[in-house]
Amino acid sequence: MNATGKWVLYGGYTLITTIFFLYLLFPEETIRQYARGKVTQMHPELSIEIDGIHPSFPPGLRFYGVSLNRAGNPLVTFDGIRISPEISTFFTQDASYGFLAEAYGGRIQGRFREYRDASMKRLSGHARIKDINLGKLAFFKTLPEFSVKGMLGGEILFNFDDKRDLDISAQLEIVNAAVELAVPMIALKTVSFKTVRTDMKLRSRTLILRYMEAKGPQMDGRISGSIFLRDDFKQSVLNLTGKMKPHHLLLAAIGKGIQSFLFSRNRQGPDGISFRINGTIEKPHFSFGSMKS
């Protein structure tokens, strides 16, 4: 065997041996505990379970069977998450990472960066969401008051620091959306929309809904306002106002008696019927615009 052949053989042997020992000695449990600590640091009621962790190529980590829980209840589960450092920032103080998560038939892809100074640590990043099936989302299964269906997409910007200050901005769109209510509203059990678009911001414990605009065969509508989040999510306080324009399918479904009460001319403005939602997520209270004198 010539010298070149020997070097190829030795190089291949070294590579295979390195990969073998990398997997054999890979500190999976150490990384799992580190991830659990990071999640709990964000919020003491949050926890994460990971079925498996493996190194990946290009250099990075691959997580399998990831479940994010809050107070023991599942929020979201991922089939897999791959995280890779950006080489250009790997040896700097503020390292950046790219990630790709697979969940509910879709994907979430983005980038985040850690900033460290003498006073605190901060994490910021962005993500693009594509083709997430909301009907399979674990979080909605914990809310028996209603169920949600549709395909979710959009973009998210987030910031988090070690003082537990969380700031999230999101512009989202749901296609072929449907909401099925356990208790019918104005004689409706299911409301469907072709598209739902929303611009929202989560700051501390308040979800600020800049707008949510929905268009569908039964009605068009627009909502804005805020939701004050409580530890028990079902007790979160609603302060929302909006307008709705009913279509013929809705008017036919609710009957003439309710039509004459809710949708009479003296209740409708040029932009539709005003309404307000107060109460809590578990027990929302709906009210419609006052009769004009």
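Check whether at least one residue in the range 204-212 is outside any strand (DSSP E or B), over 21 Å from Gly153 (Cβ atoms), at pLDDT below 95 and within 21 Å of the chain's Cα centre (by Cα), and report yes or no. Checked the range 204-212: at least one residue is outside any strand (DSSP E or B), over 21 Å from Gly153 (Cβ atoms), at pLDDT below 95 and within 21 Å of the chain's Cα centre (by Cα).
Can you find a residue in the range 188-197 that is buried (at least 16 other Cβ atoms within 10 Å of the Cβ) and under 29 Å from Ala71 (Cβ atoms)? For the range 188-197, residues buried (at least 16 other Cβ atoms within 10 Å of the Cβ) and under 29 Å from Ala71 (Cβ atoms): present.
Restricting attention to the range 256-274, does a residue exist that is at pLDDT 90 or above and touching a Ser or Thr at 6+ places or on another chain (Cβ under 8 Å)? Checked against the condition, which is being at pLDDT 90 or above and touching a Ser or Thr at 6+ places or on another chain (Cβ under 8 Å), the range 256-274 yields no hits at all. In the range 51-73, the residues that are in contact (Cβ under 8 Å) with a residue 24 or more places away in the chain and closer than 9 Å to Ser84 by Cα form Cβ pairs under 9 Å with partners that are among the small types (Gly, Ala, Ser) and assigned to a strand (DSSP E or B), at six or more places apart or across chains, as follows: Ser56/Ser84; Pro58/Ser84; Pro59/Ser84; Gly60/Ser84; Gly60/Gly98; Leu61/Ser84.
The values are calculated or read from the model by the stated rules, or taken from the named source; none is laboratory data. Computed from a predicted structure; not experimentally measured. Neighbour counts are summed over all protein chains in view; Cβ atoms, including those assigned to glycine, are modelled from backbone coordinates with ideal geometry.
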